[in-house]
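The values are calculated or read from the model by the stated rules, or taken from the named source; none is laboratory data. Keep in mind it's a predicted model, so treat the numbers as computed, not measured. Neighbour counts run over all protein chains shown; Cβ positions are idealised from the backbone, glycine included. When the accessible area is computed, the model is the full protein with side chains, heavy atoms only, and any ligands, DNA or RNA have been set aside. Shrake-Rupley method; radii C 1.70, N 1.55, O 1.52, S 1.80 Å.
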Amino acid sequence: MNTFELDRTYIAGTYKRFPVEIVSGKGSLVTDVNGKQYIDMGSGIAVTSFGVADDIWIAAVEEQIHAVQHMSNLYYTAPCARLAQALCEKTGMAKVFFSNSGAEANECAIKAARKWAAERKGPACSTILTLENSFHGRTLTTLSATGQAHYHELFQPLTPGFASFPAGDMAKLKELCAGGTVAAVLIECVQGEGGVVALDPSFTGELAAYLKEQDILLMVDEVQTGNGRSGKMYAYMNYGLEPDVVSTAKGLAGGLPMGATLLSEKLKDVFSYGDHGSTFGGNPVAAAAALSVVGRLTDDFLAEVTRKGELIRDLLRGAPGIEAISGLGLMIGLKTARPAGSVLSACMENGVLCLTAKDKLRLLPALNIPDELIVKAAEIIKEACKA
Ligand SMILES: *Cc1c(COP(=O)(O)O)cnc(C)c1O
């Protein structure tokens, strides 16, 4: 059996894969099993921050693999300690809990909020509010947090203690908070899976002020938007927010599984021994990879991310069949006249890998994608949108 047949026979049918088998790559170019080359405008859904097989990333991973690939959280290891320091220094947050995925980073955020609120305001204060059209993960609890009913249908009963409200609807928020049972509000500054929808800064400003006044936690899900993608270290920095908790994953370790939950000064001591844990969390190889990624996200580099995002927008804006462009930095949504799925297929045919999100074509290229590949990809995307 070839890979397609093996996969369909032996792997649970949760993924509707495209008929492409990628075998190798370098930077923003990947090659399939037939030798066809593609420009990668998806970077593994915002994971390979510096592209595929990046030399600096490989060196960081290789060095750590030869030293020690795993210990356990019973012992100290340097990479995760240094990474936590780097993340706190870049954000002003106080402490970090490491896990292995975005869903786990959000689970930790939810546990932190529940414990903080229970201790401060009593056990009835346990509700976490999220936004409609949000996405926070696939575990039962993060699914419960996800404000899209179609993800919930087959998996009842969900974890109790979650409710959603529409972005911008302060009246609904205040109504939900009126009983004093809301511990925290969890938002994505740019809703990724929800269709690359950036929140309105006037809403986030009002939201943050209200939550501060009510002593309700503001938690930001930076799983997709984080680690340089928005043109800032974290997307909330574009909004001038001061979150109490930040969760991140995807691009953090540039292609190895790693999640992180950042706790502000207010919550830094919320967890005590045994309150939370993870066998692989803070794994030294993943941490070494993340340290190399985070170390490269300098102000100059982030300005380049913004510039590259603008370059893509300038090349695509107003092209026939492109009706609107959304997002922030190198997180780009295109509202296309043709169905996004057929645009994606045409792009793939012509050597460009894109993503979709809801009704949008979604672009999440590596943060260091060369300008000439942006220009090439934009030509192919424009052609695919035209038809
Ligand atoms: C991808 C994503 C998640 C889930 O991350 P996993 O690593 O797949 O568990 C959570 N929140 C947001 C905003 C995401 O984009």
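With each label modelled as a point 7 angstrom along the Cα→C-beta vector, the His66-Glu242 pair spans 4.6 nm. Looking at region 52-109, the chymotrypsin sites (Phe, Trp or Tyr not before Pro) that sit in a DSSP loop and have at most 12 other Cβ atoms within 10 Å of their own Cβ are Tyr75, Tyr76. Selection among Phe271, Leu316, Thr14 by position relative to the dipole of the chain gives Thr14 as farthest towards the positive end (Cβ unit charges, Cα centre).
A simple rule links phi to the HN-Hα coupling: the Karplus curve 6.51 cos²θ - 1.76 cosθ + 1.60 with θ = phi - 60°, which for region 176-183 gives 5, 8, 4, x, x, 9, 8, 8 Hz, with x for Gly and Pro. Its DSSP H runs of at least 4 residues, each contributing -39,500 (n - 2.57), put the calculated 222 nm mean residue ellipticity of the chain at -11500 deg cm²/dmol, to the nearest 500. Backbone amide hydrogens, once placed in the peptide plane, bring Gly231 within less than 5 Å of Leu330, excluding anything fewer than 5 places away on its chain. Of the cross-linked pairs Lys121/Lys360; Lys115/Lys172; Lys212/Lys308; Lys250/Lys360; Lys16/Lys90; Lys115/Lys308, those separated by over 31 Å at the C-alpha level are Lys121/Lys360; Lys212/Lys308; Lys16/Lys90; Lys115/Lys308.
Relative to the longest principal axis of the Cα atoms of the chain, the long axis of helix 299-316 lies at roughly 50 degrees. In this structure the amide hydrogen of Val96, modeled in the peptide plane, comes within under 5 Å of the amide hydrogens of Leu263, none closer than 5 places in sequence on its chain. Close amide-amide hydrogen proximity is noted between Asp169 and no other residue 5 or more places distant or on a separate chain, at a cut-off under 5 Å (H modeled in the peptide plane; Pro and chain starts excluded). For the set Glu188, Glu379, Glu349, Glu21, the ranking by accessible area, highest first and with no ligand, DNA or RNA atoms included, is Glu349, Glu379, Glu21, Glu188 under a 1.4 Å probe.
Take every pair of alpha-carbon atoms less than 8 Å apart whose residues are at least six positions apart; their mean separation over the length of the chain yields a relative contact order of 23 percent. Restricting to bridges with both residues inside the chain, how much of the DSSP beta-bridge set is antiparallel, in percent to the nearest 5? Around 65 percent of the beta bridges assigned by DSSP in the chain are antiparallel ones. Using the Karplus relation 6.51 cos²θ - 1.76 cosθ + 1.60 with θ = phi - 60°, the per-residue 3J(HN,Hα) values for region 240-254 come to x, 7, 10, x, 7, 9, 10, 10, 8, 6, 4, x, 4, 9, x Hz, with x marking Gly and Pro. Can you tell me the orientation of helix 284-296 relative to the chain, as the angle in degrees between its alpha-carbon axis and the longest Cα principal axis, to the nearest 10? Rounded to the nearest ten degrees, it is 80.
Placing +1 on the Cβ of every Lys and Arg and -1 on the Cβ of every Asp and Glu, with nothing else charged, gives the chain a dipole about its Cα centre of roughly 340 debye.
Computed about the Cα centre, the dipole magnitude for region 68-294 is approximately 480 debye when only Lys and Arg (+1) and Asp and Glu (-1) carry charge, each at its Cβ.
Distance between the pseudo-spin-label points of Arg313 and Val375 (7 Å out from Cα toward the beta carbon): 2.1 nm. Accessible surface comparison of Leu199, Leu353, probe 1.4 Å, protein chains only, largest first: the order is Leu353, Leu199.
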